[in-house]
1. Assuming residue 429 fulfils every condition listed in (1) at pLDDT below 90; (2) surrounded by fewer than 18 Cβ atoms within 10 Å (Cβ to Cβ) apart from one, which condition is it?
2. What residue, of 275, 279, 267, 298, is within 17 Å of the chain's Cα centre (by Cα), assigned to a helix (DSSP H, G or I) and crowded, with 17+ Cβ neighbours inside 10 Å?
3. Spot the failing condition for residue 149; the list is (1) aliphatic (A, V, I, L, M); (2) at pLDDT 80 or above; (3) surrounded by fewer than 19 Cβ atoms within 10 Å (Cβ to Cβ), and only one is missed.
4. Report, ordered by the first and then the second residue, all pairs with beta carbons closer than 7 Å, sequence separation of six or more or different chains, a first member in segment 479-505 that is at pLDDT below 90, and a second member that is among the basic types (Lys, Arg).
5. How about segment 313-345: which of its residues are aliphatic (A, V, I, L, M), at pLDDT below 85 and closer than 18 Å to residue 161 by Cβ?
6. Here is a list: 440, 458. Which entry is farther than 24 Å from residue 347 by Cβ, modelled with pLDDT under 80 and outside the structural domain of residue 379 (by TED's automatic domain parsing)?
7. Assess whether residue 169 counts as being free of Cβ contacts under 8 Å to residues at least 24 places away in the same chain and surrounded by fewer than 19 Cβ atoms within 10 Å (Cβ to Cβ).
8. Looking at segment 68-103, which of the residues that are of a type in the set (S, T, N, Q) and modelled with pLDDT under 90 is surrounded by the fewest Cβ atoms within 10 Å (Cβ to Cβ)?
Amino acid sequence: MPEDTHFSGQRVSLLQWLILATLTLTSTLYAMSITIANIALPQLQGALAATQDQIAWTVTFNIVGTAIVTPMTGWLTTRFGQRHLMLTAVFGFAISSIMCGQATTLTELVIYRVFQGAFGGPLVPLSQAIILGVFPRTLHSFATAIWGMGVVCGPIIGPTVGGYISEAYSWRWVFYIIAPFSLLAFWGAWLYIRDTSRDDSARLDWTGFISLSIALTALQLFLDRGNRLDWFESNEVILEAAIAAIFFYIFTAHILTTKTPYLNPRLLKDRNYLLGALLVFLYGMLNFTPIVLYPSMLQDLRGYPESIIGLLLAARGFGALAGNFLVLWISRNDPRVGLFIGFLAQAISCWVLANFDINMTTYGVAWASALQGFGVGVTWVPLTVMMFSNIDPKYIPEGTAVLHLLRNIGSSIYISLTVTVVIRSTTQNYMDLSNFINPFNERFSFKDLIGFWESETFSGLMGLSGEIERQAAMIGYINAFYLLALTGFIALPLIFFVDNKKNRT
């Protein structure tokens, strides 16, 4: 590679290329960590003797860890400098990934996943900030597009690699594989990332940070434990709900009255930002939830191996890649077009999945997954453009923190809710369908019609019980996908209230 290259009349040095490559690798690793573990969820469930709702904690609490720490990125950068923060985050991310692979119990794995999410939280916003500082303004779109490929390619590489690794070795290797590439990113950051000035006097709004952390943790425990403990019949669930409500109140009251809040509520005075916040929350609900439902649905109900499930999830990544390429053309004149197409595509894909039956085909799941990924890819860019269209540039770091926080909260909440829908629907429909298995059901008299199903022997009843449970679980997944589709359709009317500045006279 020549020492200097030129784009749009601007010189790009070898150092800038190396920084861009390092940060692209960093964003790829973070994106991989979100999706690669989902492939191994069924295997994790068996290895750690966990139920479906319990194993979902490894995903939801990882997202909560990310959500809590991401808004701190601006303060951490000011306090410790870009280079020190990047090195610490990448190193902690690598160590926590190794510890995830070393976990022997569900509790250990959940704790290590929280640390993985917490150390990974600053990586994406910090990488983007470094790129915008290293490259001139005229090359921001070019550099961001290349860096963004890491975020897009991570969900393609992660499921594909994770599926083959977990099938060939074990679930532990989906975490171990992240470590060597993290160390490569650490080495690149050590060599090429330059430090920025630090302000030791910078202060963090600890009251806002602590109250928000406790509130989010209590809310997540409430959602994850509620179904198992029969919701408000349990004193534990009541306590978690009370703690969440109290600390959300403390957080809200504090940020509305302090001069330097952890998150700036005054940004919500802008209509586009307020609508963007609502849409980001809905986007988060739709973003990661399907890739948590896919693995258990495909493996438990259809017997798919991890390698094939990984390829089906990779189809979602290819759809997102296509959406990222087309979004600039789609939203050239009006970002609302991209928003509408993106949310509509996500809603339709979930509606299609909700209309599958137990005999779903690989092709059907693949194209529905790709359509969902396309919607994700098309939505993100116009959503961020619209959200910050009227915001003063000096408030963009705070606004970005809110954006990532709402997206992650939406994801963690909806993962818990949809898993609850699947479990409760499965239980209820198993009871309803079992009522048809009795000696008075005339269908059992027609041996030629019912095939090998029979209720006169223990093995026959076991076979019928397994099939009923499978069909009941499929109804549960159908209900969950209907809920996701409804969420996507709810977002569509909000888009019409967005103010498009280009249409002003």
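1. (2)
2. Numbers: 275 fails: within 17 Å of the chain's Cα centre (by Cα); 267 fails: within 17 Å of the chain's Cα centre (by Cα); 298 fails: within 17 Å of the chain's Cα centre (by Cα).
Unique residue meeting the criteria: 279.
3. Among (1) aliphatic (A, V, I, L, M); (2) at pLDDT 80 or above; (3) surrounded by fewer than 19 Cβ atoms within 10 Å (Cβ to Cβ), the lone unmet condition for residue 149 is (2).
4. 498/336; 499/271; 500/336
5. 313, 314, 320, 321
6. Working: 458 fails: outside the structural domain of residue 379 (by TED's automatic domain parsing).
Residue meeting the stated conditions: 440.
7. Values: free of Cβ contacts under 8 Å to residues at least 24 places away in the same chain: yes; surrounded by fewer than 19 Cβ atoms within 10 Å (Cβ to Cβ): yes.
So residue 169 fits the description; yes.
8. Narrowing segment 68-103 to residues of a type in the set (S, T, N, Q): 70, 73, 77-78, 82, 88, 96-97, 102.
If we keep only those that are modelled with pLDDT under 90 as well, we get 70, 73, 77-78, 82.
Values: 70: 26, 73: 23, 77: 24, 78: 20, 82: 22.
The extreme case among them is 78.
The values are calculated or read from the model by the stated rules, or taken from the named source; none is laboratory data. Not measured: the values here are computed from a predicted model. Because the Cβ atoms are built from the backbone with ideal geometry, glycine has one as well, and the counts that use them run over all protein chains shown.
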